[in-house]
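Input: a single structure, listed below in structure tokens.
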Amino acid sequence: MGNRPTIQMVAELAGVSRGTVDRVLNDRPHVNGEVRQRVLEAIRQLGYISPREVYRRQADAAIRPLTLGVLLPNWEGQFRTEVTEGVRQACEELEESKVRVLVRRCETDLPQEAVELLEAMKTEGAEGFAVCAVNDPTIQNWIAASVEEGIPCVTFNSDLPESGRLCFVGQDIRQAGRVAAGLLFKCVDRQGPILATAGNLKFDGHRQRLDGFRERLAELGFPAEQIIVRETYNDYETTLRVVSESLENWPDLRGIYMANLSVSGCCAAIQRAGMTGRVHVVCHDVNETVRQLIHSGAVDFTIPQDLTRQGHAPLLLLRDHLRKKKPLESGQFQGQINILCMENLEGQ
């Protein structure tokens, strides 16, 4: 009995307070992503099971199986890796409580493909869905009809705000774009032009970032005509070409806002043009490539988000909603927005 792992043992192994462990156990906000992973790893190593979890498992053993569906976009790189890890962790937790998870990934941005995958999962028995998809009326209508049928849908990373979804899990995307605008405005000394690249403006997340960025620049008095907007579809070669062409067409370009993936393509174009250090770059998310670009001075700032949690939290929210009738709040934002630069990158 005395050898049973305790919350204090988890806190000591993770190097955090008991309060932090409690916040992680209850999936509360205001916990750094790296700290959250450290606590989860300590829980795994020790085999700790909270009293709440023991009770939940006992209750789950008496109820019927449940099937949930996850729809992912066709994005590669960090998003796919980290969100997939979050889904995997959720699947492990849910398996013991008789919850099966179906995961489908779009190959294109075509709305009809997304609807077909969602419908196929519903045919396989899915009773709730976690969705990250292009913001299109076809998908919105499908989700609205499903919610009307009593099938809850949670969006993550990129929202579908007009769909009737019950909850969105992710960063306050518009505010993140506003933060990026404030950073780049200071970097360029209030002078333009500025290039703003978005992955695909059919995704609400990409559009909201850009809208927040332009909104804040307008408040700061930056001329709208000095903001050049281009889509790059999260593709390295497309980003390389778009940034290269922009540097050629606007040789006095002062800054680039990467509201999308393929930051390495942007920095490669700047380097080829011999403008490294002259063109400031602000981007989102952090991985090994972005760390190296920040250390080299190619990227000035990045605004990270917890992609693993975005894959993990929706499934647990759906489980609790369907099993315990727990209401879903309309927004589950990931705490305060952090900024990383060369000076505070270590350990992130």
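The values are calculated or read from the model by the stated rules, or taken from the named source; none is laboratory data. As the structure is a computational prediction, the values presented were derived from the model and not from experiment. So basically every Cβ, Gly included, is an ideal-geometry build from the backbone, and we count neighbours across all protein chains shown.
Matching residues to (1) closer than 24 Å to Gln171 by Cβ; (2) at pLDDT 90 or above; (3) of a type outside the set (S, T, N, Q); (4) not assigned by TED's automatic domain parsing to the domain that holds Leu318:
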residue	(1), (2), (3), (4)
Met1	no, no, yes, yes
Leu25	yes, no, yes, yes
Arg28	yes, no, yes, yes
Val39	yes, yes, yes, yes
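Return the residue satisfying two criteria in turn: it lies in the stretch 189-220 and is among the polar types (S, T, N, Q) and not in a loop (DSSP other than H, G, I, E, B), and of such residues it is farthest from the chain's Cα centre (by Cα).
Looking at residues that are among the polar types (S, T, N, Q) and not in a loop (DSSP other than H, G, I, E, B), I get Thr197.
Please report, ordered by residue number, the strands (runs of 3 or more DSSP E) entirely within the stretch 64-134 with at least 3 residues that are in contact with a strand residue (DSSP E or B) (Cβ under 8 Å, 6 or more places away or on another chain) and under 27 Å from Thr232 (Cα atoms).
Numbers: elements: 66-72, 99-105, 129-131.
Here the list reads 66-72, 99-105.
For the stretch 166-175, the criterion of being in the same structural domain as Glu329 (by TED's automatic domain parsing), of a type in the set (A, V, I, L, M) and without any contact (Cβ under 8 Å) to a residue 24 or more places away in the chain is met by no residue. Here Leu94 fulfils each of the conditions (1) over 26 Å from Asp136 (Cβ atoms); (2) of a type in the set (A, V, I, L, M); (3) without any contact (Cβ under 8 Å) to a residue 60 or more places away in the chain apart from (3).
Output the residue which, of all residues in the stretch 145-162 that are in a loop (DSSP other than H, G, I, E, B) and touching a Cys at 6+ places or on another chain (Cβ under 7 Å), is nearest to Val83 (Cα to Cα).
Here the residue is Asn157.
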